[in-house]
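The values are calculated or read from the model by the stated rules, or taken from the named source; none is laboratory data. Computed from a predicted structure; not experimentally measured. Every residue, glycine among them, receives a Cβ derived from its backbone with ideal geometry; neighbour counts consider all protein chains shown.
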Amino acid sequence: MARIESLSELEDYEKQKEFERNYQGKNKVVIIIILVAVSLLLGLIVYFISNALLKEEPQAPDSFIGEQISLSDENVQILYQYVTYGTEGTRNQKFVNNREVNLSSFTDQEKLYYALQFAQVEDFEFTGERTANKEKIYTIPTKTIEEYTKLYFGPNASYKEYPTITYPFTFYINKMNVGTMKYNSVRDGYDTTFTANQSLAEKKNTIDPAYGQLISAIRTADGSIILQERVVYTTLRTDNGLFAVDIYEDPERQKLLETKGQLSESDLYQFDVSITGYATTSIVEYTFALSGQTLYFEKSRIIS
């Protein structure tokens, strides 16, 4: 430090020291403010980064609809037959007439009807007995029919024995395919005689109450398959000695799409409806759920 020679120099020295102390104090305050600001800024940055890293991303809506399946796929065709199969060349109307259909919608007779479409020749065993007309009596166990009922309607399906049913099978026994079946409690099965021959493809001189076209088949994430079918509905009536067909969009037959008139009886044999000719129709959706390796009918509904 320099030597102070006079009072004035001492005063100047004290002023300089005071200035330095003030400057250093202010400088420390500024530094502290800067450090606090930097700390706050760093804290905010860390918070936002951590929050972004740790925060769970909101779940996007499940946009998975399913895997589109070809309409010509064998499984699709089999399932479609499940809901269109009918005797005497006509389909069963329950699926296309009822707004909603599930297991509870079916009677015991109807359950038996659908179960028997899985029946095979080997299911029927000759009892060794014959009717008064010398016709062989065969039997199919109730247990087998129960298995077929579950095959169609799923593992929760059950039914009560129905006394008598006549059923046109897709196979022949003794060159006959129409079986008359009567429940036999002693054998716990259905005694069956085959006494008629009927072509399932036989076309009668009448129109179908509904005409449909399969338009979509989708396999969902849980293995279910959903089919969609466009359907129109018809009513046959006489028209000045001829016939007319009213074609409707809905099963209640309130929305008329078209009328085809002046039809002769012979026209009815070859009458058909082109679904693609109509911009609006009903759409029936069929859901087949998966149980193990088996797809069974779960429900159907008319969605438009």
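Of the set (1) modelled with pLDDT of 95 or more; (2) in a loop (DSSP other than H, G, I, E, B); (3) surrounded by 14 or more Cβ atoms within 10 Å (Cβ to Cβ); (4) not aromatic (F, W, Y), all apply to T280 but (3).
Counting just the residues of segment 177-208 that are surrounded by 16 or more Cβ atoms within 10 Å (Cβ to Cβ) and aliphatic (A, V, I, L, M), which one comes out modelled with the lowest pLDDT? Filtering first and then ranking leaves I207.
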